[in-house]
Ligand code: NAD
Ligand code: UDP
């Protein structure tokens, strides 16, 4: 089986590439390296002892994408590529619509041209907006997302649902990730954010090694047990195995368009994450309580039953595993992927 991964040099894509290669898949990566490094592809290959085919190409180059798809004709496309910063999407919405929505359209045109009809798409729990009930399951209402990034995910999901409705040959899995965190247990691949990290765990890692001066908990007056926000932190290697489970499901069940939440079902507070990180690193982290961050929902965690029952997938790694692996990656790669 051959899988083509758009954005396969990125954080989740690189871990999924390792899992696919370990299962015997052939892997082709298409990535313009806008938020990743060629070093990540080298590490994928050295970790697995397998080669990949790598194309440094943007999804916005429609003719190049079509040529690659028609040449490679993969069995399945896993579509990770895109821009993912909520804050940046508010300031630069057109960049987000162009890369995420128009880029996906180019990819789908290329899939049509090459006859490839099997797709796994990286969606996000952000499509649930402010959840109307907890835990969130796949029947929970899809509300208007709070920011342009979230809206691009909604638009793409709807585009894919329309495509599936128009042509029953398509099989598409919409994977709504909760909070992907952690790193490969080898410490060789992990998350390498550009600039100051927006997300909690990469920020905590950089604070712990002195790259950030101050750790601020954004609000402790939420209606949660310790007043800080609750999230469902899922280890990136668990997420990677979720993609393999989705591929098997598409292949065996030919479901048309199906969506799955990928998370643990466990809610952890910001303070609990900080304490887990302290256990993993042996460091004491002095943090301040600051104001709420605009746009944060108090709580977001999944009901993982649909993925467990239909995909046979469950996240197995704990918050302590997550923090240990994130810390190992941070210590071994203090400056991320340095070419
Ligand atoms: P990432 O930035 O590490 O990976 C995305 C990859 O896409 C990068 O390697 C980047 O270089 C590439 N890319 C960007 N624009 C491109 C273009 N025009 N053409 C080709 N490649 C391009 O992000 P990630 O965390 O691995 O996320 C992967 C996917 O999962 C994204 O679609 C993201 O929106 C989604 N997602 C991520 C999270 C998260 O917290 N990490 C949560 C929910 C959903
Ligand atoms: N958070 C925080 N300090 C930081 C970064 C994040 O207190 O420096 C909080 C944030 O307010 C949220 C939680 O950590 O409650 C998870 O944030 P992240 O950005 O990782 O995920 P998201 O909010 O997008 O689910």
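What the table shows:
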read-out	value
Solvent-free Debye scattering, log10 I(q)/I(0), computed from the Cα coordinates of the range 1-154 at q = 0.14 Å⁻¹	-0.72
Binned Cα-Cα distance frequencies in the range 148-232 - 5 Å width, integer %	3, 10, 13, 15, 16, 14, 11, 9, 5, 3, 1
Calculated [θ] (222 nm, deg cm²/dmol) that DSSP helices of n ≥ 4 give over the chain, each run adding -39,500 (n - 2.57)	-11500 deg cm²/dmol
Ranking of 294, 36 by count of other Cβ atoms within 10 Å, fewest first	294, 36
Cα centroid of the range 1-55 to Cα centroid of the range 271-333, whole Å	24
Relative contact order (percent, whole number), the chain, Cα cutoff 8 Å, 6+ residue spacing	19
Convex hull (Cα only) mean projected area of the range 82-174, reported in nm² to one decimal	6.2
Shape parameters for the range 6-74, alpha-carbon atoms, Rg then Dmax in Å	11.6, 32
Residue order, fewest to most surrounding Cβ atoms within 10 angstrom, among 92, 55	92, 55
Per residue, the convex hull volume that the Cα atoms of the chain enclose (Å³)	123
Antiparallel bridges, percent of DSSP beta bridges restricted to the chain (to nearest 5)	5
Pairwise Cα inverse-distance average, inverted: Kirkwood Rh of the range 121-270 (Å)	17.3
12 Å tail of the calculated P(r), the range 239-284, as % of Cα pairs	72
Spherically averaged projected area of the range 196-308 from its Cα convex hull (nm²)	8.7
Residue order, fewest to most surrounding Cβ atoms within 10 angstrom, among 228, 152	228, 152
Distance in nm between pseudo-label sites at residue 167 and residue 218 (7 Å out along the Cβ direction from Cα)	3.9
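Bear in mind these aren't lab numbers, they're just calculated from the coordinates by the rules spelled out. Values in this document were obtained by computation on a predicted structure and should not be read as measured data. Every residue, glycine among them, receives a Cβ derived from its backbone with ideal geometry; neighbour counts consider all protein chains shown.
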